[in-house]
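Worksheet: one structure, shown below.
Please treat every number below as a calculation from the coordinates, not as lab data. Predicted model, so just to flag it, every value in this text is computed and none were measured. FYI the Cβ positions are ideal-geometry reconstructions off the backbone, even for glycines, and counts take in every protein chain you see.
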Amino acid sequence: MGEQAYGLDTGVLDSISNEIKEIHNLGVEVAIVIGGGNIFRGVAASANGMDRATADYMGMLATVINAMALQDSLEKKNVFTRLMSAIEIKEIAEPYIRRRAMRHLEKGRVVIFAAGTGNPYFTTDTAASLRAMEIHAEVILKGTKVDGVYNKDPLKEKDAKKYNTLSYIKALKDNLKVMDATAISLCMDNKLPIIVFNLKKSGNIKRIVKGEKVGTIVQ
Ligand code: GTP
């Protein structure tokens, strides 16, 4: 949503697509899990009295809107993509089929996973961890608006300290808001590293795939 309070910012979409195109051009297989908080926040709605499952399903639909926007933006830049949804919505997206997703990746398509895991009570982060495991990803890159994981909120506290490396256990124990506990536990059990980085800094994704130390690595 960029600097807007809500919705889709075409400038942000454009810059994220450029970043993805850059690494795709290097031959990296890329799968993307996208959230929906710029459109609808299930957790906030349930805090305001909406049934949690209903709110979460609405959030999943919001991720489909974002995924379609990203697909459109990438394809305008001649990046071939396939959009797969965890909720059947076949007029809009392919159903998620693991082996098919892997085939798309082998064929050089950027795969966008929409609608989370298809289940309420599971976050986008958990969907990312689950899909990463399923497609045998080497790493999860978690894009955020700060430079990595800090001991306290860097947007609120001036003396917040950034971690360059972090163990899963510390992230969990200190509740460091890397990802939610379910997502981190899944990565921990399967030894999948997570790199938390600033998505707003242009070139960051490329730096990471080229092996530069960017953000915080949780492993
Ligand atoms: P290969 O068979 O590996 O070449 O993959 P492919 O994705 O090109 O084959 P397919 O003929 O299955 O898909 C052609 C196009 O239709 C692609 O853009 C798919 O994303 C899209 N597509 C396939 N299945 C569905 C579906 O169930 N729903 C929607 N909306 N699109 C689909």
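Using Stokes-Einstein with the Kirkwood hydrodynamic radius over Cα pairs, what translational diffusion coefficient do you get for the range 1-136 at 25 °C and a viscosity of 0.890 mPa s, in µm²/s rounded to a whole number? Intermediate results must be reported in sequence, preceding the final value.
Values: Rh = 15.2 Å.
Approximately 162 µm²/s, per Stokes-Einstein.
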Residue by residue through the range 174-182, what is 3J(HN,Hα) from phi via Karplus (6.51 cos²θ - 1.76 cosθ + 1.60, θ = phi - 60°)? Round to whole Hz and write x for glycine and proline.
8, 6, 7, 6, 5, 8, 6, 4, 4
Between GLN4 and THR54, what is the FRET efficiency for a Förster distance of 35 Å, r being their Cβ-Cβ separation, to the nearest 0.05?
0.85
Give the distance, in whole Å, between the Cα centre of the range 145-219 and the Cα centre of the range 71-121.
25 Å
At 0.36 nm per residue, and after removing the present C-alpha to C-alpha distance, how many nm does the segment from ASN151 to ARG103 gain when stretched out fully?
13.3 nm
Considering only DSSP beta bridges whose two residues both sit in the range 138-219, what percent are antiparallel, to the nearest 5?
40 percent
Cβ crowding within 10 Å averaged over residues, with 27-34, 91-98 ranked highest first:
27-34, 91-98
Taking Cα pairs under 8 Å and at least six residues apart, what relative contact order does the chain come out at, in percent?
19 percent
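Looking at the chain only, what percent of DSSP beta bridges run antiparallel? Nearest 5 please.
The antiparallel fraction comes to roughly 25 percent.
Arrange the peptides 160-167, 46-53 so that the one whose residues have, on average, the most other Cβ atoms within 10 Å appears first. The partial results should precede the final answer.
Numbers: 160-167: 14.2, 46-53: 12.1.
Those peptides, ordered most packed to least, come out 160-167, 46-53.
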Tell me the mean residue ellipticity at 222 nm calculated for the chain from its helices only (DSSP H runs of n ≥ 4, each -39500 (n - 2.57), averaged over every residue, nearest 500).
-12000 deg cm²/dmol
My understanding is that a pair violates if its Cα-Cα distance is over 20 Å; which of LYS152/LYS177; LYS162/LYS213; LYS162/LYS210; LYS76/LYS145; LYS142/LYS191 do that in this structure?
LYS162/LYS210; LYS76/LYS145
